[in-house]
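For reference, the structure is listed below as structure tokens.
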Amino acid sequence: MIQEGQVRGVLGTVVDREGGGPDGWERRVALFVNLLVQWNQRINLVSRTTVDQVLTAHVLPSLAPLPLVAPDRDLRVLDIGSGGGFPGIPLRILRPRVRLDLVEATRKKCLFLEQCVAELNLEGTAVHWCRIETPVPELRARAPFDLAFARAVGGEPGVVRGVRGLLRSTGEAWTFVAPLSAGAEHVWADPNGRMITALRRLV
């Protein structure tokens, strides 16, 4: 079981660097990670080879959008292909003013995401069982979005086509890429300066 102290030890310096988080964020991240590990025994949310390093392999990279989401802004954020809840759920925990929508094409993963939303009391958060290329009416009704993020999602042309109609005119969509990839922006590094991931603008 992941404890709050472990969460603070891995993420605390980076979270502080980006403006901090709400009271109790460590507890909620720990709860989320423990739910994920539990569910991962039944369905493949993250690779079995990384499940023991969820904080460093999945949660820490998911914080890369923090510089784009100021703590004092009310933003509508879309997580495309959320899977195990990355990056959306860690981002929502640390930015409670975000109104989050999670899009996932696999029904079993949606059930996991729905339990996370309920147990973490992520008010205003919705889970949508669909592909971004064919958004369900409930998702369309919650548009337009200010920001969209896609992590470990293939088929970029389809993602771009699907998300364009859901963004507001000034909205942006970003994908996660390796730090040295062409077009990489917002390179995300740990407290020691080690490059972890980066974001590249899709729209």
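Structure above, values below:
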| item | result |
| --- | --- |
| Cα-Cα P(r), the range 1-115, percent of pairs per 10 Å interval | 14, 49, 33, 5 |
| Kirkwood hydrodynamic radius over Cα pairs of the range 61-201, then Stokes diffusion coefficient at 37 °C and 0.692 mPa s, in µm²/s | 217 µm²/s |
| Signed unit charges on C-beta, dipole axis of the chain, positive-most listed residue P22, V136, G5 | V136 |
| D (Stokes-Einstein, µm²/s), Kirkwood Cα radius, the range 106-156, 1.002 mPa s at 20 °C | 172 µm²/s |
| Amide H partners (placed H, <5 Å) of E172, local residues excluded | L147, A148 |
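Just so you know, all these numbers are worked out from the coordinates, no wet-lab data involved. These numbers were taken from a predicted model, which means no experiment stands behind them. Don't worry about glycine lacking a Cβ; one is built from the backbone with ideal geometry, like all the others, and counts go over all protein chains shown.
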